[in-house]
1. Take residue 40 and tell me if it is at pLDDT 95 or above and surrounded by 10 or more Cβ atoms within 10 Å (Cβ to Cβ).
2. Across region 50-62, what is the number of residues that are loosely packed, with under 10 Cβ neighbours inside 10 Å and either charged (D, E, K, R) or modelled with pLDDT of 95 or more (or both)?
3. Given the residues 47, 79, which is the only one that is surrounded by 11 or more Cβ atoms within 10 Å (Cβ to Cβ), touching a helix residue (DSSP H, G or I) at 6+ places or on another chain (Cβ under 9 Å) and not basic (Lys, Arg)?
4. Would you mind finding the one in 71, 27 that is surrounded by fewer than 12 Cβ atoms within 10 Å (Cβ to Cβ) and among the hydrophobic types (A, V, I, L, M, F, W, C)?
5. Looking at region 63-80, is at least one residue small (Gly, Ala, Ser) and at pLDDT 95 or above?
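The values are calculated or read from the model by the stated rules, or taken from the named source; none is laboratory data. On a predicted model such as this, the values are computed, not experimentally measured, just so you know. Virtual Cβ from ideal backbone geometry, glycine too; neighbours counted across all protein chains shown.
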Amino acid sequence: MSEDHQNHIQGNPQPSWRKPVGMLLILLLIAAWTAIIVSLSPWVGTWPVLVQGIFYLVAGIVWILPLKPLLRWMELGTWRR
């Protein structure tokens with residue numbers, strides 16, 4: 001158990017550096033994912049509209065997958081349970 005988590009349990013919550021760092025990492029993840037998807041647009045633009053829609057729908061959801069471990073780390077200080 002992390003020191004921050006123990007302090008919180010003992011009723012002595014301390015500010016955590018992980019939350020601002022985690023927020024910055026989330027913003028960087030969004031920016032990087034956006035840059036990747038935008039860089040693919042010349043090729044994706046040649047696909048049929050329905051296929052483009054499916055691609056952008058999936059791309060719009062996939063970036064969320066790394067958030068669960070990142071949010072857990074921000075809150076608890078561990079990547080896994």
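1. Yes; evaluated as a whole, the condition is true for this residue.
2. Selection size over region 50-62: 2.
3. 47
4. Residue meeting the stated conditions: 27.
5. Checking region 63-80: not a single residue is small (Gly, Ala, Ser) and at pLDDT 95 or above.
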